[in-house]
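Asks: Shown below is the structure under consideration.
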Amino acid sequence: MKKVLILAIAVVAFGFLTVYLFASQKEEKVENLEKVRVQAGWLLNGEFSNVCSAIVNGYYKEQGLDVELLPGGPSGASFTIATNAIVQDDSLTLGIDGDIIPLLHGKDKQEEDKVKAKIFASFWNENPYGFMIRKDENIVSIKDLVTKRKADGSKYKIGVTADSVIQYAISQYTNVPVEEMDIVIVGFDATPFLAGQVDAIAGYWTTQAYEIEKAGVPYAFLSASEIPGFDQPSMVAVATDKVLAEKEDTLVKWLKATIKGSQYTIENPTVAAENILDERCGGASFNKEQEEWLIRKSIPLFDKDKIGKIYPDQINSFAKNYQALKQIKTLPSESELIDNSVLTEVYGE
């Protein structure tokens, strides 16, 4: 009887020891996750649903990473641009910017001041930027917007933000001088359009278009990609040369998990919108309906055969045209803008 009791105690003790060791190993594994800080180029809305879904679903942890996503865009009186932030803050591992313009400006400096960073992936292969105009105007292209007249013979009032350069690209495209266009400087929301202060407004169908739809106004979207050389990628992943050299393996793991998050977003837009409300992402202040709308709109922008793929011709063409618009003095080479090493490791090419 005593032997049986001793054996039972030993079995129980062994069980407790096993549970303790398992818990310790699990805790140690969590503690050993590599910290990765990702700077977004905008508020953490549905644009970043692929990263949010990868966080919420544990895809990064599967790769041994603890990913923190930081909001960008407007912050009080300042504005956080992801490309600039990763260069200035060594604690940031990578950034996700809305376009390649900050990188082009960063390269357009004296050698000692040049931004030493490159694009290593691109999630949206088209930029959701363009013009919104009321559908009953029957304007179907940007060219029509500046060459046609309204029923009363007047020009269309075109609203652009103060930092806009698209009017110069349109001028180059249509041979209509900017001075001959009816350009009005507006803010970043759709209010001037909805109030009838402008006939067309430059912006993103991911934001301003939602405001217009909610107001019940039928509209047409005229994509900026209509303008030759003005097509560029969006949701571009950028890292400094130092990180690319020293933490390529980390970037590979991050990209693998983000691709998985992108696939999840494409297949589950409703749940992906709910993930935006997670405190590790946008948070409860975001509107689930709006984020799902944005996510569903963005699904066609992913290159589903090879998520994250970079198209060098697209980037080179935009850079060349951007220089022609006199927005930058020097034209960076492809090797200054793009690093394909991470994609090569991910896709084995």
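Asks: Going through 321, 275, 340 one at a time, which residue ends up being under 21 Å from residue 55 (Cα atoms) and polar (S, T, N, Q)? First the steps, then the outcome.
Replies: Details: 321 fails: under 21 Å from residue 55 (Cα atoms); 340 fails: under 21 Å from residue 55 (Cα atoms).
Just a single option satisfies the conditions, and that option is 275.
Asks: Among the numbered conditions (1) of a type outside the set (Lys, Arg); (2) more than 20 Å from the chain's Cα centre (by Cα); (3) open to solvent by less than 60 Å² (accessible area, probe 1.4 Å), tell me where residue 152 comes up short.
Replies: (3)
Asks: How many residues, within the stretch 331-346, are assigned to a helix (DSSP H, G or I) and open to solvent by 70 Å² or more (accessible area, probe 1.4 Å)? Step through it out loud before you land on a result.
Replies: Going through the stretch 331-346, the residues assigned to a helix (DSSP H, G or I) turn out to be 334-337, 341-346.
Within this subset, residues satisfying the condition of being open to solvent by 70 Å² or more (accessible area, probe 1.4 Å) are 334-335, 345.
Result for the stretch 331-346: 3.
Asks: Right, something else. How many residues, within the stretch 30-88, are in a helix (DSSP H, G or I) and surrounded by fewer than 18 Cβ atoms within 10 Å (Cβ to Cβ)? Step through it out loud before you land on a result.
Replies: To start, the set of residues in the stretch 30-88 that are in a helix (DSSP H, G or I) comprises 30-31, 46-56, 59-62, 82-88.
Subset that is surrounded by fewer than 18 Cβ atoms within 10 Å (Cβ to Cβ): 30-31, 61-62, 88.
The number of residues fulfilling the criteria is 5.
Asks: Any residue at all in the stretch 92-104 that's modelled with pLDDT of 95 or more, in a helix (DSSP H, G or I) and of a type in the set (Ser, Thr, Tyr)?
Replies: no
Asks: Also, quick follow-up: Is it true that some residue in the stretch 75-96 is closer than 20 Å to residue 50 by Cβ and acidic (Asp, Glu)?
Replies: No, the stretch 75-96 contains no residue that is closer than 20 Å to residue 50 by Cβ and acidic (Asp, Glu).
Asks: I'd like to check something: does the stretch 144-152 contain any residue that is of a type in the set (Gly, Ala, Ser) and modelled with pLDDT of 95 or more?
Replies: The first filter runs over the stretch 144-152 and keeps only residues of a type in the set (Gly, Ala, Ser), leaving 151.
Keeping just the survivors that are modelled with pLDDT of 95 or more gives none.
Looking through the stretch 144-152, none of the residues is of a type in the set (Gly, Ala, Ser) and modelled with pLDDT of 95 or more.
Asks: Now for a different question. Give, as residue ranges, the strands (runs of 3 or more DSSP E) completely inside the stretch 161-233 that count at least 1 residues that are free of Cβ contacts under 8 Å to residues at least 40 places away in the same chain and in contact with a helix residue (DSSP H, G or I) (Cβ under 6 Å, 6 or more places away or on another chain). I'd like the intermediate steps shown before the answer.
Replies: On the way: elements: 182-185, 200-204, 219-223.
In the stretch 161-233, 182-185 are the strands (runs of 3 or more DSSP E) which contain 1 or more residues that are free of Cβ contacts under 8 Å to residues at least 40 places away in the same chain and in contact with a helix residue (DSSP H, G or I) (Cβ under 6 Å, 6 or more places away or on another chain).
Asks: Any residue in the stretch 291-316 that is under 21 Å from residue 228 (Cα atoms) sitting within a Cβ distance under 8 Å of a residue that is outside any helix (DSSP H, G or I) and of a type in the set (Val, Ile, Thr)? List the pairs, counting only those 6 or more apart or interchain.
Replies: 310/119; 310/338; 312/338; 315/100; 315/119; 315/338
Asks: For the stretch 211-248, name all the residues that are open to solvent by 50 Å² or more (accessible area, probe 1.4 Å), closer than 25 Å to residue 292 by Cβ and out of contact with any Phe, Trp or Tyr (no Cβ under 6 Å at 6 or more places or on another chain).
Replies: Those that are open to solvent by 50 Å² or more (accessible area, probe 1.4 Å), closer than 25 Å to residue 292 by Cβ and out of contact with any Phe, Trp or Tyr (no Cβ under 6 Å at 6 or more places or on another chain): 211, 213, 214, 215, 216, 218.
Asks: Could you list all residues from the stretch 168-210 that are open to solvent by less than 60 Å² (accessible area, probe 1.4 Å) and polar (S, T, N, Q)?
Replies: Across the stretch 168-210, the qualifying residues are 171, 174, 206, 207, 208.
Asks: Ok, one more. Please find, within the stretch 105-137, the residue that is farthest from residue 150 (Cα to Cα) out of those that are of a type outside the set (S, T, N, Q) and in a loop (DSSP other than H, G, I, E, B). Don't jump to the end; show me each part of the working.
Replies: Pass one, the stretch 105-137, residues of a type outside the set (S, T, N, Q): 105-109, 111-121, 123-124, 126, 128-137.
Then drop every residue that is not in a loop (DSSP other than H, G, I, E, B), which leaves 108-109, 114-116, 126, 128.
Working: 108: 41, 109: 44, 114: 46, 115: 45, 116: 48, 126: 30, 128: 26 Å.
Once the filter is applied, the top-ranked residue is 116.
Asks: Here's a follow-up. Just need a number here: residues in the stretch 266-281 that are open to solvent by 60 Å² or more (accessible area, probe 1.4 Å) and either without any contact (Cβ under 8 Å) to a residue 60 or more places away in the chain or assigned to a helix (DSSP H, G or I) (or both).
Replies: As a first pass, look at the stretch 266-281 and keep what is open to solvent by 60 Å² or more (accessible area, probe 1.4 Å): 267, 274, 279-280.
Now restrict to residues that are either without any contact (Cβ under 8 Å) to a residue 60 or more places away in the chain or assigned to a helix (DSSP H, G or I) (or both): 267, 274, 279.
So the answer is 3.
Asks: Among all residue pairs at least 6 apart or on different chains, which show Cβ distances below 9 Å where the first residue, located in the stretch 80-94, is closer than 18 Å to residue 254 by Cβ and the second is β-branched (Val, Ile, Thr) and part of a loop (DSSP other than H, G, I, E, B)?
Replies: Partner pairs satisfying both residue conditions: 83/100; 83/115; 86/93.
Asks: Since residue 253 meets every condition but one in (1) within 17 Å of the chain's Cα centre (by Cα); (2) crowded, with 18+ Cβ neighbours inside 10 Å; (3) among the basic types (Lys, Arg), which condition does it not meet?
Replies: (1)
Asks: Give me the residue from the stretch 139-160 that is outside any strand (DSSP E or B) and aliphatic (A, V, I, L, M) and, out of that set, nearest to residue 226 (Cα to Cα).
Replies: Let us first name the residues in the stretch 139-160 that are outside any strand (DSSP E or B), namely 139-156.
Subsequent filtering for residues that are aliphatic (A, V, I, L, M) retains 139-140, 142, 145-146, 151.
On the way: 139: 14, 140: 11, 142: 7, 145: 12, 146: 14, 151: 25 Å.
Selected residue: 142.
Asks: Of (1) open to solvent by 10 Å² or more (accessible area, probe 1.4 Å); (2) out of contact with any strand residue (DSSP E or B) (no Cβ under 9 Å at 6 or more places or on another chain); (3) not polar (S, T, N, Q), residue 104 satisfies all except one. Which?
Replies: (1)
One line per residue, one yes/no per condition, for (1) at negative phi; (2) open to solvent by less than 20 Å² (accessible area, probe 1.4 Å); (3) not in a helix (DSSP H, G or I):
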position	(1), (2), (3)
257	yes, yes, no
264	yes, no, no
283	no, yes, yes
291	yes, yes, no
298	yes, yes, no
306	yes, no, yes
314	yes, no, no
329	yes, no, yes
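The values are calculated or read from the model by the stated rules, or taken from the named source; none is laboratory data. The model shown is predicted, which means the values in this text are computed figures rather than measured ones. A quick note on method: Cβ atoms are made from the backbone with ideal geometry, for glycine too, and the neighbour counts reach across all protein chains shown. These area figures cover heavy atoms from the full protein model, side chains too; ligands, DNA and RNA do not enter into them. Shrake-Rupley method; radii C 1.70, N 1.55, O 1.52, S 1.80 Å.
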